[in-house]
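To start, the structure itself, in structure tokens.
Read-outs: derived from the displayed coordinates by stated rules, not from any lab. Fair warning: this is a prediction, and the values are worked out from it, not measured in the lab. Positions of Cβ are generated from backbone atoms using ideal geometry, with glycine treated the same way; all protein chains shown enter the neighbour counts.
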Amino acid sequence: TSEDDINMEEYPTEIHDYLAAFEKSLGSVDEMLKTLMSVSRSELLQKLEPLEQAKMDLVSVYTLNSMFWVYLATQGINPKEHPVKQELVRFLQCMH
């Protein structure tokens, strides 16, 4: 369509596949968040064992920090030079 043609002119064509994959990933994240948010946090945690609760909290915090990493990058800030990098490393260490 002509709208796709206009959008293609706004960025280099060689990154189209990367952007398409990113958009698909965002859609997946959106669906997961809708599912998680359809149940209250307390209700969800009641259904989980303590270790599963800790894993859920760890994954949630890691995800938020990862999203902040992406936000920084979109703002032209190098996330590798931001304290968020140390936080992500710390969370990864906890996950292993």
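Miscellaneous remarks
- Pairwise inverse Cα distances across the chain, averaged and inverted, put the Kirkwood hydrodynamic radius at 16.2 Å.
- Of the peptides 10-20, 78-88, the order by per-residue mean of other Cβ atoms within 10 Å, starting with the highest, comes out as 78-88, 10-20.
- Amide N of segment 67-82 lying under 16 Å from the label point, which is placed 7 angstrom from the Cα of Phe22 along Cα→Cβ: 67-80
- Compactness index (Cα Rg / 2.2 N^0.38 Å), segment 48-95: 1.29
- Span-like helix ranges in the chain, DSSP H, alpha carbon extent 24 angstrom or more, Kyte mean at least -0.5: 16-37, 50-74
- Leu64 versus Val89: modelled label distance in nm, points set 7 Å from Cα along the beta carbon direction: 2.2 nm
- Segment Met56-His96, extension gain: residue separation times 0.36 nm, minus the distance between their alpha carbons: 13.0 nm
- Considering helices alone, the calculated mean residue ellipticity of the chain at 222 nm is -24500 deg cm²/dmol, with DSSP H runs of length four and up weighted by -39500 (n - 2.57) and normalised per residue.
- Candidate lysines - alpha carbon under 21 Å from Lys85, same-chain residues fewer than 8 apart omitted: Lys55
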